[in-house]
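The values are calculated or read from the model by the stated rules, or taken from the named source; none is laboratory data. All of these numbers come straight from a predicted model, not from anything done at the bench. All Cβ positions, even for glycine, are placed from backbone atoms using ideal geometry, and neighbour counts span all protein chains on display. Accessible surface is based on the protein model in full, side chains and every heavy atom, while ligands, DNA and RNA are left aside. Shrake-Rupley method; radii C 1.70, N 1.55, O 1.52, S 1.80 Å.
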Amino acid sequence: MMKFKSSLFIQYLLIFSLIAIVPVVTTCSALLFSHNTLTEEVIQSNQSSLELIQQSLDIKVLEFINIPSLIEQNPSLTKNSLQNNPGNAISNIKEITSAHNFINNIIINIRDSNYFYSSKGTFHTEDLPVQNFMSDLLQNGYSCATVLSMINSVTTPTFWPVDSLSNVPNELYLFSPVYNTEFQYESQNASRVSIILINREAIHDLFRASQTNSEESILLLNADKQLLTYLTSNVSTDTIQQICDYIRSSTDTAEILRLTVNGVENIIFISQSAQTGLYYVRFLPEHVAYQPIYQMRNISFAILAAVLVLSVFLVGYGMKRSYVPIRTLADWIQSKQPTTLNARNELLLFKKVFDDTFEQNSNMSELISNSKYGLIDHFLKDLICGNFSSETEFAAACRKLNISFTKKYYAVACVLVESNSDEDSNIDFNLVLDAIRDELPDNISIQIKDLLFAGKLIIVLNSDSDDLAAYKNVIATIKQRLLDQADILTSIGMGSYYGSYEYVGKSYLEATNALDYRLIYGKDCLITQEMCNIDKNELIYPTEDISLLASALLSKDAEAASEAIYRLNAYAKSPHCTLHSAKYICYDTFSVLKKMPAFMNVGYSNSSSDNLDITKLTDYDNIDEFFTALQRIIQNAIGAPKAVTSESDLGPQLVEYIEQHCFSYNFQISTIAEHFSISAPSMRKIFREYTGIGISDYVTNIKMERAMQLLRETDTNVQEIVTEIGNTDASAFIRLFKKKTGMTPGQYRKANRI
């Protein structure tokens, strides 16, 4: 029976409950935020709609108010013109009327006169009751006397208000005085009065175009808050009257009011025009205004309920899928190991079991790893030596060791690990393996034989490709990666590819032979078969130059000896000379030296800086160093002048020479020893004793200081800086710069720009 009272059970339950609570809290927060946002949006939308109505109608109202000014400016509508030439006046009134699509008619009355002039003709005061507009007013409770009183008393543009909602005129009437001089209301000399009949339905159409809800109602009030016209939908006149009374009696200047009429809560939006003084009122039931919010709230509650159900399901499902298997495993462990601690927390139980077996597993893994490594090492040795009797035996050995030698072609590369500094350092083989195997092409398999005790590695490549360039690119990439990741400088010789495992040994011999060409190509090189001059025809062996050297040594002719050594060195490095011949030139030259009585103190294995060791020929960076050492010994023996008289003098001169020449493209450390006619080891020893650091590090520091100066003081790009300090590889410079300063050149320039 499972135990559900452990501390781990409680922890899991709390975690999953928290996971379930988070979406619920998030949903509730979103609900609250969306509700408040939607409420503000509804209010803002209705207010914006009202302002849109106001802007649209204000334009028209200003046109109506400006008509008396047009009449005043029209010479055919003056008092005299109306009386003396009514036909022309009527024509002009028609023209003004037709220019405004909201106006049905314009009527002009001369004060203290019984005549009226309109776009439809002239009529007398006695005929006023039978006019269409007057009939409209009479039917809605107004009298001729009231209209005439308004005509005689109006001093400013005035809209005729609606006195009774049950009898609303068909048109909206604007009474406005027309002055003899400028259009100014404070003047009392208005000779005429204009009555502008405005199409009320056209105004309603404008209201409808601005509506955002079919259930909203729109009212238009004058500056005294008297109703002029309205557009309503399913609203009683009683409701309109109550709202108008409420607005007139309210002292609240807020733009939004609330009023309950017949049990219905109404939201009222009010906006007064600063240009016309008219009040624009928009109202609608609250449940209509907030209908989107109610819909959103219902949807949100449904979502919240779904989230709650899902949360409960997730808690149960999560506990079943995560905790129950752990508890089951704990019960199984305790049933198999009754003596194991019965921990309240299952993880502590697992830790105890793991601690009990970890040491044994570690020891076993180490034994297996070492054993497998020894087997693979033996396998590679047999492969190179060709000790497999058949393809079947070879395939069986591969399967047993899980080695992927299943492709057609094989090639071998010999890697010589060079010293990347003046002092040797221990090499981490695991770091080397990681650098070699990192990001290899999928079509190439690699196995490595560890000979680091001898400073070498053997790399066996297996691929379906018969393109030697593909193998060369892989080896070149490995060479660069060893330098970048493991800080290991290498020289690599590479053999040809062959279509059978039986020829791996032959490729290995070719690789070791190619590596010997390091004597010609120098330190840090990659040599392939096409670079090995084995089958090419040579020039005649330089026997004459060797004889010339012997004669110069017998006669102690330093100049002739130097000339002979120069010619032998040049020939050994020429493309016409094979490695075999280059080695024999060195041997023969050394033999001539040993036979001279003055050089009897030159030993084969003496490591003194005053002697030449022919057995360590491949220890030189290149063949130039060998001949430089040879030149120094000859000069010392036959009395040729040295570049300096003592080591104490040589130190400052070495520093001066390096600082003057290290930025040259052709500058090499090996040429320094040749310039001062001393051996490279002696030069390095003297320089370190004088400066405290190696020559390579000193040169690097000088170049870095110059590069940093250029980055601080100029806008020169990195490639130009690399060229100026004597380097050729910009990427290598950037890596070295970052290693020295902790920053890239661009970061350094940005941080230290003067």
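At-a-glance table
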item: Length gained when the stretch Val24-Phe313 is fully extended (0.36 nm per residue, less Cα-Cα span); result: 102.7 nm
item: Karplus-derived 3J(HN,Hα), 6.51/-1.76/1.60, for each residue of segment 79-96, Hz, glycine and proline x; result: 4, 5, 5, 4, 6, 8, 9, x, x, 5, 5, 4, 4, 5, 5, 4, 5, 5
item: Whole-Hz couplings from phi, Karplus 6.51/-1.76/1.60, listed for segment 12-28; x for Gly and Pro; result: 4, 5, 5, 5, 5, 5, 5, 4, 6, 5, 3, x, 5, 4, 4, 5, 4
item: Residues of segment 458-568: accessible area per residue with a 1.4 Å probe, Å²; result: 46
item: Segment 701-745 - accessible surface per residue (Å², probe 1.4 Å); result: 53
item: Cα-centre dipole for segment 484-559 with unit charges at Cβ (Lys and Arg positive, Asp and Glu negative), debye to 20; result: 140
item: Spacing of the two label points (7 Å from each Cα toward its C-beta) at Ser322 and Phe429, in nm; result: 4.5
item: Potential extension, Gln44-Arg735 segment - 0.36 nm per residue separation minus Cα distance; result: 242.6 nm
item: More than 25 angstrom apart: percent of Cα pairs within segment 442-587; result: 43
item: Distant-in-sequence amide H partners of Lys225 (H built 1.01 Å from N, under 5 Å); result: none
item: GluC sites (Glu not before Pro) restricted to segment 144-239 and DSSP loop, no more than 16 other C-beta within 10 Å; result: Glu182, Glu186, Glu215
item: Probe 1.4 Å - accessible area at Cys414, Å² to nearest ten; result: 10
item: Between 0 and 90°, nearest 10: helix 391-401 axis offset from the chain longest Cα axis; result: 60
item: Inter-site label distance for Asn36 and Ser153 at 7 Å from Cα along Cβ, in nm; result: 5.4
item: Segment 23-119: translational diffusion in µm²/s, Stokes-Einstein, Kirkwood Rh over Cα pairs, 37 °C, 0.692 mPa s; result: 187
item: Amide proton proximity set for Ser574, modelled H, under 5 Å, gap of 5+; result: none
item: Using alpha-carbon coordinates, inclination of helix 680-691 to the longest axis of the chain, degrees; result: 60
item: Note, ³J(HN,Hα) from phi for segment 61-66, Karplus 6.51, -1.76, 1.60, rounded to Hz, x at Gly and Pro; result: 4, 5, 5, 4, 5, 7
item: Under 5 Å, built H, 5+ apart or other chain: amide partners of Ile527; result: Ile492, Gly493, Met494
item: Kirkwood estimate for segment 222-283, i.e. one over the average of 1/r between Cα atoms, Å; result: 12.2
item: Heavy-atom accessible surface of the chain: percent carbon and sulfur, 1.4 Å; result: 53
item: q = 0.06 Å⁻¹: log10 I(q)/I(0) that the Debye formula gives for the chain, counting C-alpha atoms only; result: -0.70
item: Arg111 versus His576: modelled label distance in nm, points set 7 Å from Cα along the beta carbon direction; result: 13.1
item: Size-normalised alpha-carbon gyration radius of segment 682-743, reference 2.2 N^0.38 Å; result: 1.25
item: Solution diffusion estimate, µm²/s, Stokes-Einstein, segment 52-175, Kirkwood Rh from C-alpha pairs, 37 °C, viscosity 0.692 mPa s; result: 211
item: Stretchable slack from Glu418 to Lys595, in nm (0.36 nm times residue separation minus alpha-carbon distance); result: 60.3 nm
item: For segment 131-218, the Rg and Dmax computed from alpha carbons only, in angstrom; result: 15.8, 48
item: Three principal axis lengths of segment 428-477 [C-alpha, angstrom, descending]; result: 33, 19, 16
item: With Cα atoms, 0 to 90° folded angle of helix 291-318 axis to the chain main axis; result: 30
item: Whole-angstrom Cα spans of segment 479-520 along principal axes, big to small; result: 35, 24, 11
item: Expected 222 nm ellipticity per residue - DSSP helices of 4 or more, -39500 (n - 2.57), all of the chain, to 500; result: -18000 deg cm²/dmol
item: Unit charges on C-beta of K, R, D, E only; dipole of the chain, Debye; result: 1660
